[in-house]
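Colleague: Take this structure, written in structure tokens, and hold onto it; I'll ask about it next.
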Amino acid sequence: MKNTLIHLTSSPYSSLACKEGLDLALVLATFEQKVDLCLSDAALSILTISQQPTPEQGKNLHKLLDGLEFYDIENVFIESSSLIPDSATQWSGITSLDSAAWSELFSSYQQVFRF
Amino acid sequence: MQHTLLVTGSPYQSKACHSALCFARAALKAQPDSIKGVFFYEDAVLIGNDLAQPPRDEINLKQAWQTLASEFNLPLYLCIAAAVRRGVINESESKRYELNHHSLSHGFQLEGLGTLVELMNSTQKIIQFR
């Protein structure tokens, strides 16, 4: 079994990339593959709580985050410099890494996919 | 060493399908069994749309993939969920959705993401083109 990192970089509202990356993570986990997530750039907006997108804006992918533990997806990494000052508005299940740990993250998996 | 190719970039908005084709050609020429399968996901599934017709003075990317697949017996998989959402539909899905048409080009097959997981676990390396 290989360990896989899914790196989400796209906005959940500008394309399907974020959703299809999450779909792949869930399928990998369903097949009992070890999979972690990490988020950067526009994909960080998925972490903001109390999102209420209209159908035209897209699906509320934030809702999927609380279900990740049921798939045994335990790690959602972000770089600590990406943390927003008001942590009350950000999903609490993230693990923040300093710059050095963030850089090392990508070489600690056999497979990294970007969406 | 056997590879899996994962292609996610749109054939119209990126060069992912073009670069993957060049890589696959070179790899298969060097070693005919070096690629076990190619899995198209996200907008890359548009490569399998039989109704798309490129201008005659441009590369016919779909045909180029079909030719390569036929020459080396290379399976070309499209993610079924990503393809159906984008109107790339085979005969059985067409019946399931009670449609009058289907649009999947020959040489391509619709498969679930489980097929990608199987490819990942049975090859040494997976390379993403996005």
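Colleague: Is it fair to say A:Ile84 is hydrophobic (A, V, I, L, M, F, W, C), away from chain B (no Cβ under 12 Å) and surrounded by fewer than 15 Cβ atoms within 10 Å (Cβ to Cβ)?
Modeller: Answer is yes for this residue.
Colleague: Quick one: which of B:Gln13, B:Gln53 is exposed (fewer than 12 other Cβ atoms within 10 Å of the Cβ), assigned to a loop (DSSP other than H, G, I, E, B), within 14 Å of another protein chain (Cβ to nearest Cβ) and without any contact (Cβ under 8 Å) to a residue 40 or more places away in the chain? Even if it seems obvious, please write down each step before you answer.
Modeller: Values: B:Gln53 fails: within 14 Å of another protein chain (Cβ to nearest Cβ).
Answer to the selection: B:Gln13.
Colleague: Just the residues that are more than 14 Å from the chain's Cα centre (by Cα), assigned to a helix (DSSP H, G or I) and in contact (Cβ under 8 Å) with a residue 24 or more places away in the chain, please, taken from the stretch B:26-50.
Modeller: Residues of the stretch B:26-50 that are more than 14 Å from the chain's Cα centre (by Cα), as a first pass: B:26-34.
With the extra rule that they be assigned to a helix (DSSP H, G or I), the set shrinks to B:26-30.
Of everything in the stretch B:26-50, those that are more than 14 Å from the chain's Cα centre (by Cα), assigned to a helix (DSSP H, G or I) and in contact (Cβ under 8 Å) with a residue 24 or more places away in the chain turn out to be B:Ala27, B:Leu28.
Colleague: Taking the criterion of being in a loop (DSSP other than H, G, I, E, B), among the aromatic types (Phe, Trp, Tyr) and in contact (Cβ under 8 Å) with a residue 12 or more places away in the chain, would at least one residue in the stretch A:61-71 satisfy it?
Modeller: No; the residues of the stretch A:61-71 include none that is in a loop (DSSP other than H, G, I, E, B), among the aromatic types (Phe, Trp, Tyr) and in contact (Cβ under 8 Å) with a residue 12 or more places away in the chain.
Colleague: So, one more: Of the residues that make up the stretch B:92-115, is at least one touching a Gly at 6+ places or on another chain (Cβ under 6 Å) and in a helix (DSSP H, G or I)?
Modeller: Looking for residues that are touching a Gly at 6+ places or on another chain (Cβ under 6 Å) and in a helix (DSSP H, G or I), one finds none in the stretch B:92-115, hence no.
Colleague: Applying the selection to the stretch B:72-113, what residues are touching a helix residue (DSSP H, G or I) at 6+ places or on another chain (Cβ under 7 Å) and at positive phi?
Modeller: If the condition is that a residue be touching a helix residue (DSSP H, G or I) at 6+ places or on another chain (Cβ under 7 Å) and at positive phi, then B:Gly107 is the only one that fits.
Colleague: Can you tell me which residue within the stretch B:64-87, out of those that are assigned to a strand (DSSP E or B) and among the aliphatic types (A, V, I, L, M), is nearest to B:His102 (Cα to Cα)?
Modeller: The extreme case among them is B:Leu78.
Let's see how each residue does on (1) touching a Lys or Arg at 6+ places or on another chain (Cβ under 9 Å); (2) of a type outside the set (D, E, K, R); (3) within 14 Å of chain A (Cβ to nearest Cβ):
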residue	(1), (2), (3)
B:Leu76	no, yes, no
B:Ala81	no, yes, yes
B:Arg85	no, no, yes
B:Lys95	no, no, no
B:Ser105	yes, yes, no
B:Met120	yes, yes, yes
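Colleague: Another question, if that's okay. Which one of A:Leu37, A:Leu22, A:Leu44 is of a type in the set (A, V, I, L, M), under 10 Å from the mean Cα position of the chain (by Cα) and not in a helix (DSSP H, G or I)?
Modeller: A:Leu37
Colleague: Taking B:Glu42 as meeting all but one of (1) surrounded by 13 or more Cβ atoms within 10 Å (Cβ to Cβ); (2) of a type outside the set (Val, Ile, Thr); (3) more than 14 Å from every other protein chain (Cβ to nearest Cβ), write down the number of the exception.
Modeller: (3)
Colleague: Name the residue that is nearest to A:Ile94 (Cα to Cα), counting only residues in the stretch A:47-60 that are of a type in the set (Ser, Thr, Tyr) and assigned to a loop (DSSP other than H, G, I, E, B).
Modeller: A:Ser50
Colleague: In the stretch A:87-107, which residues are more than 14 Å from every other protein chain (Cβ to nearest Cβ), more than 25 Å from A:Ile49 (Cα to Cα) and touching a residue at least 40 places away in the same chain (Cβ under 8 Å)?
Modeller: A:Leu105
Quick note: the coordinates plus some simple rules give every number you see, no bench work behind them. It should be emphasised that the depicted structure is a prediction, and the values quoted were computed from it without experimental measurement. Using ideal geometry, Cβ is built from the backbone for each residue, glycine included, and neighbour counts are taken over all protein chains shown.
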